[in-house]
Amino acid sequence: MSSSAAVPFWRAAGMTYISYSNICANLVRNCLKEPFKSEALAREKVLYSISKFEDGKPQKPILRTDEGKEL
């Protein structure tokens with residue numbers, strides 16, 4: 001017995017929702033006119049920090065970009 005339930009098209013295409021939403025966000029950003037396009041592209045960058053622990057205590061955090069570059 002097969003299920004006739006509707007499947008989201010992104011799932012049927014073998015994508016995750018995150019990958020689908022990233023593609024949609026890129027399309028919207030590329031459709032914007034200046035200066036909104038450059039502002040949206042600047043907000044796209046992601047920063048995160050990594051803290052190593054020694055003896056149960058966090059060390060100085062290392063800031064990185066989404067490209068893996070250290071700040």
Karplus-derived 3J(HN,Hα) from phi for the stretch 37-43 (6.51 cos²θ - 1.76 cosθ + 1.60, θ = phi - 60°), whole Hz, x at Gly and Pro, runs 5, 5, 5, 5, 5, 5, 6
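Would you work out what percent of the accessible area of the stretch 31-71, with all protein chains in place, is carbon or sulfur (probe 1.4 Å)? Don't skip to the answer; put the middle values down first.
Working: 2160 of 3860 Å².
Ligands and nucleic acids excluded, carbon and sulfur give 56 percent.
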In deg cm²/dmol, rounded to the nearest 500, the helical mean residue ellipticity at 222 nm of the chain, built from -39500 (n - 2.57) for every DSSP H run of length 4 or more, is -10500 deg cm²/dmol
Looking only at lysines whose Cα falls under 22 Å of K45's and that sit 8 or more positions away or on another chain, we get K33, K37, K69
Averaged per residue, the 1.4 Å probe accessible area of the chain, protein heavy atoms only, in Å², is roughly 91 Å²
Relative to the chain, whose Cα atoms define the longest principal axis, helix 17-31 and its Cα axis are tilted in degrees, nearest 10, by 90 degrees
Filtering GluC sites (Glu not before Pro) in the stretch 17-71 by DSSP loop and by at most 16 other Cβ atoms within 10 Å leaves E44, E67
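The values are calculated or read from the model by the stated rules, or taken from the named source; none is laboratory data. Quick caveat, the model's predicted, so the values are computed rather than measured. Counting neighbours? That spans all protein chains shown, and the Cβs are built from the backbone with ideal geometry, glycine included. What goes into the accessible areas is simple: the full protein's heavy atoms, side chains included, and nothing from ligands, DNA or RNA. Shrake-Rupley method; radii C 1.70, N 1.55, O 1.52, S 1.80 Å.
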